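Trainee: Questions regarding the structure given below will be posed in turn.
The values are calculated or read from the model by the stated rules, or taken from the named source; none is laboratory data. Please read all numbers here as calculations on a predicted model, not as lab measurements. Cβ: placed from backbone, ideal geometry, glycine included. Neighbour counts: every protein chain shown.
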Amino acid sequence: MCGGGRQALAAPHLFERDASYEIVDGVALVLRRRVTTRPFTERHFWFPGHGAVDTERAASTATILSNVDIARLLAARRTDPAGAIASLPRRGRIAIGANAGEPRALVDALAEAAGTFDELEVVQVLSFGSGPLVAASARGHLRVNALFIGPSVRDAVARGDADYTPVFLSEVPALFRAGGPLPLDAALVQVSPPDARGWCSMGVTVDVMRAAVDNAPLVIAEINPRMPCTAGAAALHLSRLHRVVEVDHPLPTVAAEPADEARDRIAGFVAELVEDGCALQAGIGSIPDAVMGRLFDRRDLGIHSELLSDGMMALVEAGVATGARKELWPGKAVTSFVLGSEAVYRWVDGNPAVEMQPSDITNDPAVIARHSRFVAINSALSVDLTGQVNADSLGSRFYSGIGGQVDFLRGAARSVGGRPIVALPSTAKSGTISRIVGTLAPGSGVVTSRGDVHHVATEWGRVDLHGLSVRLRARALIGIADPRFREQLTLEARALGYV
């Protein structure tokens, strides 16, 4: 989406004092590793380099970049998917872009060549297409390590044929950096075609992959003209890519789920907590979409979310989410990845109102807390009567992951006037099982502790557990459980000594 008259990435403004520069292939002056300074103002650009450079040299960079021989750089790196995968080490660890930025042709080629590898570890967050990497033919050759479990690897994790690493999303980038526990041998990503100065865009997926491409010694990219050009930390120079594969396929989309009556009622209780000027975080799904749909009478909302969805796009387009009152990045919708319809992908393309930042920035509780009246909306699989939140497992079977839930709930709790919210339907399996439970099922993981939980909402109401004793919490949660289960929950609470 970046070419053909689209707005090119404005590279010159990326060059500031705290960066280091290097000539690559005799033509391209590029940055190497990220700047070490933490971004606590709205003006932040991602530099893969650090050190010092005088302003005169930085100013001359624009001239050098404008004369880059892009065709020569591209030709030297161009290959097919099989050729790109052949350059990977036989053993070691690689990271693959996820969500809508997953490099599908490279994933398929990796699965095809699985037999040539010897326990190559494949690290990924939420994947739409990594199923072939956990097929029987890949066993003993490729080993997926999911930092967040998606449907394509869920059964493999349950069988023990793939791994799950529980980790806060804000802390994933540090795993890939020097000295971290998951150093990388390669990173596989999907990017836009380069602009006139050789800058590609990571488009809709910056998240944890910014750290991956900045730290891996080998970077392989699919160049896809359907990938949007996005602002912020998405810029990646062609000279940083060692192999490129040119593809042309649509990005994966996620259709909006219509809200049923229960989820619509939940949305109503959640929306009551969103006032004019609040900053928002929400995920994707019927409840977040329904909440967004109830906010069109608000003013000057702000978006700071690990995920940007169609519902948030609609609020920005309607002039509701202006970001005018945000303390950080005012006037910008800040996110680490975009996921939704083709319409939202078109909308972020060349849109200066959308700021892409990596997960250790979007999800950093300290950054989140800098926004006043931050409202974080997250989901759960079950909540026990003390307030413990299970969001990643069904008993001992891992289902999803920690993700950004704790990051945002803690950040919102520290925000002045912030409101951390856990929203869930009161029942599962067609109303036969209560999600409000006396105790979590054996083996269930506690993602959000009872000390971190604040607001909990179901279709039967909303309660604020913060500062309440276990006795008062149990009573409050029973009050928002499905009426059919309240008597049994009361009996369990008494047997447990809660009431």
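Trainee: For the list (1) in contact (Cβ under 8 Å) with a residue 24 or more places away in the chain; (2) in contact with a His (Cβ under 7 Å, 6 or more places away or on another chain), I need the number of the one condition that Gly401 fails.
Mentor: Failed condition: (2).
Trainee: From Ala290, Ala279, grab the single residue that is in contact with a Phe, Trp or Tyr (Cβ under 7 Å, 6 or more places away or on another chain) and at negative phi. Please lay out each step first, then the result.
Mentor: Values: Ala290 fails: in contact with a Phe, Trp or Tyr (Cβ under 7 Å, 6 or more places away or on another chain).
One residue alone meets the criteria, Ala279.
Trainee: Which residue is farthest from the chain's Cα centre (by Cα), if the candidates are limited to segment 131-155 and must be in a loop (DSSP other than H, G, I, E, B) and within 21 Å of Pro358 (Cβ to Cβ)?
Mentor: So, considering only residues that are in a loop (DSSP other than H, G, I, E, B) and within 21 Å of Pro358 (Cβ to Cβ), the one farthest from the chain's Cα centre (by Cα) is Gly150.
Trainee: Could you please tell me which pairs satisfy a Cβ distance under 6 Å, a separation of 6+ or placement on different chains, a first residue in segment 182-200 that is in contact (Cβ under 8 Å) with a residue 24 or more places away in the chain, and a second residue that is of a type in the set (D, E, K, R)?
Mentor: If the second residue must be of a type in the set (D, E, K, R), the pairs left are Leu184/Arg93; Asp185/Arg93; Gln190/Glu222.
Trainee: All but one of (1) closer than 25 Å to Asp360 by Cα; (2) modelled with pLDDT under 95; (3) out of contact with any strand residue (DSSP E or B) (no Cβ under 7 Å at 6 or more places or on another chain) hold for Trp199, so report the exception by its number.
Mentor: Unmet condition: (3).
Trainee: Val157: within 26 Å of Ala366 (Cα to Cα), out of contact with any Ser or Thr (no Cβ under 7 Å at 6 or more places or on another chain) and either among the aromatic types (Phe, Trp, Tyr) or in the same structural domain as Pro89 (by TED's automatic domain parsing) (or both), yes or no? Step through it out loud before you land on a result.
Mentor: Details: within 26 Å of Ala366 (Cα to Cα): no; out of contact with any Ser or Thr (no Cβ under 7 Å at 6 or more places or on another chain): yes; either among the aromatic types (Phe, Trp, Tyr) or in the same structural domain as Pro89 (by TED's automatic domain parsing) (or both): yes.
Criteria not met by Val157.
Trainee: Here is a check on your reading of the model: is Arg91 without any contact (Cβ under 8 Å) to a residue 40 or more places away in the chain and among the basic types (Lys, Arg)? Lay out the reasoning, then the answer.
Mentor: Values: without any contact (Cβ under 8 Å) to a residue 40 or more places away in the chain: yes; among the basic types (Lys, Arg): yes.
Answer is yes for this residue.
Trainee: Here is a follow-up. So which residues in segment 447-461 are crowded, with 19+ Cβ neighbours inside 10 Å and part of a strand (DSSP E or B), if there are any at all?
Mentor: Thr448, His455, Val456, Ala457, Thr458
Trainee: Then there's this: Which residue out of Val367, Val437 is at pLDDT 95 or above and under 30 Å from Asn145 (Cβ atoms)?
Mentor: When all the criteria are applied, what remains is Val367.
Trainee: Here is a further query. For segment 56-98: of the residues being assigned to a helix (DSSP H, G or I) and modelled with pLDDT of 95 or more, which is nearest to Leu241 (Cα to Cα)? Write out each step before concluding.
Mentor: Here is the first cut: in segment 56-98, the residues assigned to a helix (DSSP H, G or I) are 56-66, 70-77, 81-86.
Okay, now just the ones that are also modelled with pLDDT of 95 or more, so 77, 81-86.
Working: Arg77: 8, Pro81: 14, Ala82: 16, Gly83: 14, Ala84: 11, Ile85: 14, Ala86: 15 Å.
Only one residue tops the list, namely Arg77.
Trainee: Can I ask one more? Just checking: which of the strands (runs of 3 or more DSSP E) contained wholly in segment 251-366 hold 3 or more residues that are surrounded by 19 or more Cβ atoms within 10 Å (Cβ to Cβ), not assigned by TED's automatic domain parsing to the domain that holds Ser430 and not charged (D, E, K, R)?
Mentor: Details: elements: 279-282, 302-308, 333-338, 354-356.
Answer list for segment 251-366: none.
Trainee: In segment 367-379, which residues are in a helix (DSSP H, G or I) and either without any contact (Cβ under 8 Å) to a residue 60 or more places away in the chain or surrounded by fewer than 21 Cβ atoms within 10 Å (Cβ to Cβ) (or both)?
Mentor: First, the residues of segment 367-379 that are in a helix (DSSP H, G or I): 367-369.
The one that is in a helix (DSSP H, G or I) and either without any contact (Cβ under 8 Å) to a residue 60 or more places away in the chain or surrounded by fewer than 21 Cβ atoms within 10 Å (Cβ to Cβ) (or both): Ala369.
Trainee: Could you go through segment 166-179 and let me know if any residue there is small (Gly, Ala, Ser), part of a loop (DSSP other than H, G, I, E, B) and either under 24 Å from Gly411 (Cβ atoms) or not assigned by TED's automatic domain parsing to the domain that holds Gly401 (or both). Break it down stepwise before answering.
Mentor: Step one: filter segment 166-179 for residues small (Gly, Ala, Ser), giving 170, 174, 178-179.
Checking the rest, the ones that are also part of a loop (DSSP other than H, G, I, E, B) come to 178-179.
Adding the requirement that they be either under 24 Å from Gly411 (Cβ atoms) or not assigned by TED's automatic domain parsing to the domain that holds Gly401 (or both) leaves 178-179.
For segment 166-179, residues small (Gly, Ala, Ser), part of a loop (DSSP other than H, G, I, E, B) and either under 24 Å from Gly411 (Cβ atoms) or not assigned by TED's automatic domain parsing to the domain that holds Gly401 (or both): present.
Trainee: Also, I was wondering about something else. Tell me, which residue of segment 186-210 that is among the small types (Gly, Ala, Ser) and part of a loop (DSSP other than H, G, I, E, B) is nearest to Met313 (Cα to Cα)? Spell out how you get there, then give the answer.
Mentor: So the first thing to find is which residues in segment 186-210 are among the small types (Gly, Ala, Ser), and the list is 186-187, 192, 196, 198, 201, 203.
Still in the running and part of a loop (DSSP other than H, G, I, E, B): 192, 196, 198, 203.
On the way: Ser192: 21, Ala196: 29, Gly198: 29, Gly203: 16 Å.
That would be Gly203.
Residue by residue, here is whether (1) among the β-branched types (Val, Ile, Thr); (2) modelled with pLDDT under 95; (3) closer than 23 Å to Pro217 by Cβ; (4) crowded, with 18+ Cβ neighbours inside 10 Å holds:
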{"site": "Asp108", "(1), (2), (3), (4)": "no, no, no, no"}
{"site": "Gly115", "(1), (2), (3), (4)": "no, no, no, no"}
{"site": "Val122", "(1), (2), (3), (4)": "yes, no, yes, yes"}
{"site": "Arg139", "(1), (2), (3), (4)": "no, yes, no, no"}
{"site": "Phe168", "(1), (2), (3), (4)": "no, no, no, yes"}
{"site": "Val172", "(1), (2), (3), (4)": "yes, no, yes, yes"}
{"site": "Arg177", "(1), (2), (3), (4)": "no, no, yes, no"}
